[in-house]
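Student: One structure is given below, represented as structure tokens, and several questions about it will come after.
The values are calculated or read from the model by the stated rules, or taken from the named source; none is laboratory data. The structure presented is a predicted model; accordingly, all values stated were derived computationally and were not measured. Here the Cβ is made from the backbone with ideal geometry for all residues, glycine too, and neighbour counts use every protein chain on show. Each accessible area value is taken on the protein alone, full model and side chains, heavy atoms only, with ligands, DNA and RNA left out. Shrake-Rupley method; radii C 1.70, N 1.55, O 1.52, S 1.80 Å.
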Amino acid sequence: MTQTTDFSQAPVRRLPMPEFISMLAFLFAIIAFSIDAMLPALPEIGHELTPGNINRAQLILTVFVAGMGVGTLFAGPISDSIGRKATITIGFVIYAAASVAAIFSHSIEMLLVARFIQGMGASGPRIVGLALVRDLYAGRDMARITSIVMMVFIIVPALAPSLGAGMIALAGWHGVFYAFLIFALIGCLWLNLRQAETLAPERRRELRIKPIFEAASEVLRNRHVMLCTLILTLGFGQMFGLLSSAQQLFGEAYGKGDAFPTWFAAMALLSGSGTILNAKFVTRFGMRRIAKWAYIMQTCVSGTMLILLTSDALPEVLRFPAFFIWAVSVFFMAGVTFGNLNALALQYMGHIAGMAASIVAAISTVSATLIASPVGLLYNGTALPVVTATLICSGLAWFLMRYLTD
């Protein structure tokens, strides 16, 4: 018989809500920074380590995401067995070690391996952070908290390229990895000094094949969880596709290379309003309804953008403003869907929150790279590949949302 006990109200000593959200947001911010701070470094890395094929530098983003996806397969089950804090700490240690390896990389291959391992380490705070929230909250309350956290996850990219550019100016592209080390240390200390363990020993599951297999089977057989995972895959895929091409689109396609950090910051800050609105209205309208309308909006906006691109109807002066508005809409969509879909996926999985978070994130993240990598490599000097991919992904997500319930 399937276990459905909800442990969200277990007597765990809680941090004050503002500090809890701030700490969790910082853990997620490290992950966002790990992706977006690399954007200004891609041209320098490309010319230094892979001058024959500059596009290969984009793999530094997608390989990190792929490593994070693989790591999520292990982070959740381990946290269900040894606790949340220990698992996140192990993840930070791996992340820091890989950062050191990246600093001393002298080939694109070595750097890609380091970034893959760094992504595996980042899966600890990313996945176990969600399980930690699920230990304490459920349903729309969890959606509200994750929305606020996701706001930071989206707004951090507003600052990351500028900070990354400053570090590159001081220490070359290696300087970004020194920053990763510092942030990992701060996050690890904050967690271990302030946050109590949320998974009591009597609630832990043995780290053996049979219990792990049973928990994984329960998650994989749950139609609701798998549907949320598929929709998340489409959402992550279109967002990562835009991220992988962002520097080239702003710099080459629209001639905004020197001002790329500023434009990217403006885009992320405007997009952050999506998470603010979601946190405010999710308890009133529900997670599914808000996410569905976000994908409807994105489908319509991307369809319009595709028509404008293929018809060449826009005058030169309006081409960049149109692209910028469209790019803002992609990140806005992420702000009003990701927190809701994660909360929906874990809604009935409180007793195996770590495993459920792992499987959802592993499938959605790794699968998203299979969407994003070809989109980035198909870059042809225009926004056509990424706009087309976004239209397809959002349209499919809109269709699938019909089969979800709150």
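Student: With respect to the numbered conditions (1) open to solvent by 10 Å² or more (accessible area, probe 1.4 Å); (2) farther than 14 Å from Ala327 by Cα; (3) in contact with a helix residue (DSSP H, G or I) (Cβ under 9 Å, 6 or more places away or on another chain), which one is the sole condition not fulfilled by Leu269?
Tutor: (2)
Condition check ((1) buried (at least 18 other Cβ atoms within 10 Å of the Cβ); (2) part of a helix (DSSP H, G or I); (3) out of contact with any Asp or Glu (no Cβ under 9 Å at 6 or more places or on another chain); (4) among the aliphatic types (A, V, I, L, M)) across all residues:
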{"residue": "Met167", "(1), (2), (3), (4)": "yes, yes, yes, yes"}
{"residue": "Phe183", "(1), (2), (3), (4)": "yes, yes, yes, no"}
{"residue": "Gly187", "(1), (2), (3), (4)": "yes, yes, yes, no"}
{"residue": "Leu191", "(1), (2), (3), (4)": "yes, yes, yes, yes"}
{"residue": "Glu202", "(1), (2), (3), (4)": "no, yes, yes, no"}
{"residue": "Pro211", "(1), (2), (3), (4)": "no, yes, no, no"}
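Student: Do we have Gly255 as open to solvent by less than 50 Å² (accessible area, probe 1.4 Å) and among the small types (Gly, Ala, Ser) here?
Tutor: It is false that Gly255 is open to solvent by less than 50 Å² (accessible area, probe 1.4 Å) and among the small types (Gly, Ala, Ser).
Student: Condition check: within 24 Å of Gly139 (Cβ to Cβ), in contact (Cβ under 8 Å) with a residue 12 or more places away in the chain, open to solvent by less than 40 Å² (accessible area, probe 1.4 Å) and more than 21 Å from the chain's Cα centre (by Cα). Does Ala216 satisfy that?
Tutor: Yes: the conditions hold for Ala216.
Student: Same structure, new question: Kindly indicate which of Ala356, Ala389, Ala368, Ala313 is at pLDDT 90 or above and at negative phi.
Tutor: Within the list Ala356, Ala389, Ala368, Ala313, the selection yields Ala389.
Student: If you don't mind, there's one more thing I want to ask. Between Leu234, Leu230, Leu249, which is farther than 20 Å from Pro125 by Cβ, open to solvent by 50 Å² or more (accessible area, probe 1.4 Å) and touching a Leu at 6+ places or on another chain (Cβ under 9 Å)?
Tutor: None of the other options fit; the residue is Leu230.
Student: Ok, one more. Which residues, counting only those in region 370-406, are open to solvent by 20 Å² or more (accessible area, probe 1.4 Å), of a type outside the set (D, E, K, R) and under 15 Å from Trp293 (Cα atoms)?
Tutor: Once the filter is applied, which keeps residues that are open to solvent by 20 Å² or more (accessible area, probe 1.4 Å), of a type outside the set (D, E, K, R) and under 15 Å from Trp293 (Cα atoms), region 370-406 yields Leu391, Gly395, Leu396, Trp398, Phe399, Leu400, Tyr403, Thr405.
Student: Identify, from the list Gly251, Gly235, Gly166, Gly257, the residue that is touching a Cys at 6+ places or on another chain (Cβ under 9 Å) and of a type in the set (Gly, Ala, Ser).
Tutor: Sole residue among the options that is touching a Cys at 6+ places or on another chain (Cβ under 9 Å) and of a type in the set (Gly, Ala, Ser): Gly235.
Student: Please report, ordered by residue number, the helices (runs of 4 or more DSSP H) entirely within region 39-130 with at least 1 residues that are open to solvent by less than 40 Å² (accessible area, probe 1.4 Å), within 21 Å of Leu232 (Cα to Cα) and modelled with pLDDT under 90.
Tutor: Because the criterion is at least 1 residues that are open to solvent by less than 40 Å² (accessible area, probe 1.4 Å), within 21 Å of Leu232 (Cα to Cα) and modelled with pLDDT under 90, the helices (runs of 4 or more DSSP H) in region 39-130 that meet it are 59-82.
Student: Related question: Given (1) free of Cβ contacts under 8 Å to residues at least 40 places away in the same chain; (2) open to solvent by 50 Å² or more (accessible area, probe 1.4 Å); (3) touching a helix residue (DSSP H, G or I) at 6+ places or on another chain (Cβ under 7 Å), where does Arg284 come up short, assuming only one miss?
Tutor: It is condition (3) that Arg284 fails.
Student: Also: Could you pull out the residue among Phe264, Phe250 that is among the hydrophobic types (A, V, I, L, M, F, W, C), closer than 19 Å to Ala372 by Cα and without any contact (Cβ under 8 Å) to a residue 60 or more places away in the chain?
Tutor: Answer to the selection: Phe250.
Student: Then there's this: Here is a check on your reading of the model: is Val317 in a helix (DSSP H, G or I), more than 30 Å from Ala353 (Cα to Cα) and either in contact (Cβ under 8 Å) with a residue 24 or more places away in the chain or among the basic types (Lys, Arg) (or both)?
Tutor: no
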